Structure formats: structure tokens, C-alpha cells
């Protein structure tokens, strides 16, 4: 009797073990789930706009040709970034030269909502130095696919600076920004905006366009994500008294290491040179986190 019960138990255990192994094998061989894990990026879907307003931001992979979503000087971002910036510029003009230092903080609250603040904490016009006008920008992501991002928002210039240096102006700038990978590491980006200003400042139509190419991989620091680009800006007064202004800014960006980036560029005015400046040199550090 004892031997019969032991044999039955051994048989049952062996059957259970074989069934368990078969189940595990079936589970491993089954196709992956159709939905991606929560931490994996997927294109935004307009049908899920409401739900995506609260979804945690996920960094977007490079475009199909390797073009990364990274900011450049003197141009707009059609994508979201999570970064801290420290920038300095030196402007040569017909009158006294000027220079300034500013900081920026960019933060995506969700996949659809983003805010950034720019603080020009020192501006010197050659005669005196002072604090500049702070700019707060809020944006909503409208389209986000592997090779295309479009966002819209409003930039708010706050009158925190000195009138002597042309500051202390309140302005609101509704804007539409775009980024796209066009192949071979090239990307195009730009902005269409209209700026409403006070304190007898003219309202302006604002247009920006830039093209550039990333030629090295991110890992090749200190020359990772090495990128050249050219940006063009046009400001055209619509209401009030002012001058049309067009400038060109060639520049570069490189990944130094540990998500620290170095950017440099020179802005040249194309129109109204006599009333603007000769050239502006810009250097910027960007730390992603």
C-alpha cells in the first residue's frame, strides 16, 4: 500500500512538472503583446489627446536618418526638451558694444504639456548693466511622430528689465513650431508667430527657419551628435512704428559628454544693419537631465 501511494505521488509530481514546463515554453514562444510598455515611446494619437495630457513625458528617439531632437541657437524647437541652459553673447555695434548672460530651464510636464523660462540675469549695454525681461513659454504638443513634431503655444515676455536698455516690455507671442527629419541626418525646423507688444512697441509678424545636419553618433564625445546648422529669422512690424529685420545665424552643436552640450554661433543682420548691429557672438552650454 505504501509503495502504491508513493508511486502515484511520483507519477503526479512528474505530470505536474511536465505540464509546468510545457506552459512555460508556450508562454515564452507566444508573440509579444500588441501594446508597448509604458516606458517605451509611441507616436501620439489625436484620438487619445485627453488621456495623453496626463501621460509622463518620454524622450523621443532620433528620426529614421539619425537626426536628433536637439535645440540650436537662434531657432525654434518643434519638440519638447528637459534641459538647463547657460548662454552668453557679445554684440558688436556701431555704438557701444554690449554683452549679456542668461539662463533657461525647460521642463515637459507630460507628453503633451511643456513650459520653459528664460532669465536674462545680466545685460550690459557698454554704459551700464541691469536685469532683462523674463520670458515664460507654454506649449502643447499637437503632433509627435518619429520624423515629425509640431507644437503650439504662447511666449510671454514680462516687463522685469530696465527701460534704458530697451526692456520693461510686456508682449505675448502665439506661435506654431515644427521639426522634421528629412533624411541623411538633416533636419528642418521653424516657427510662425505673431507678437503683440505694449509700451509703444510695434506688433510683429515673426518667421524662423533653420536647416542642419548631424554627422556623428551621440557616443562619440566630445564630438558626439556633432551638428552644423544655419538659421534665418525675419521680424516684420505690422502695427506701430518699427523696422523690418532679417538675420542669418550659422552655428554648431556637439555632445561633450554626460549629456552636456556645447553650442556656438554668430548672428549677422542682413537688413537694417545701420540701426542694428554688426554681428553677435553666442556661446551656450546645455545640460540634459
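Quick note: the coordinates plus some simple rules give every number you see, no bench work behind them. Note that the structure is predicted; figures quoted are calculated from it, not measured. Positions of Cβ are backbone-derived with ideal geometry, glycine not excepted, and every protein chain shown enters the neighbour counts.
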Defining a contact as two alpha carbons under 8 Å apart and six or more residues distant in sequence, what relative contact order in percent does segment 49-288 show? 18 percent
Please work out the FRET efficiency for the pair residue 194 and residue 97, using the Cβ-Cβ distance as r and a Förster radius of 51 Å; give the result to the nearest 0.05. 0.95
Choose one answer from 98, 247, 46: the residue with the largest mean-square fluctuation in a GNM of the chain with alpha-carbon springs under 10 Å. 46
Choice from 253, 191, 239 showing the highest fluctuation, given a GNM over the chain with Cα pairs closer than 10 Å: 239
Subtracting the Cα-Cα distance from 0.36 nm times the residue separation, let me have the gained length for residue 122 to residue 279 in nm, one decimal. 54.6 nm
The convex hull of the Cα atoms of segment 193-289, divided by residue count, gives a volume in Å³ per residue of 121 Å³
Percentage of Cα-Cα pair distances in the chain greater than 37 Å, rounded to whole percent? 28 percent
Theoretical FRET efficiency, 1/(1+(r/R0)^6), r = Cβ-Cβ of residue 268 and residue 244, R0 25 Å, to 0.05: 0.95
Pairs of Cα atoms under 8 Å, at least six residues apart: use those to get the relative contact order of segment 117-194, whole percent. 23 percent
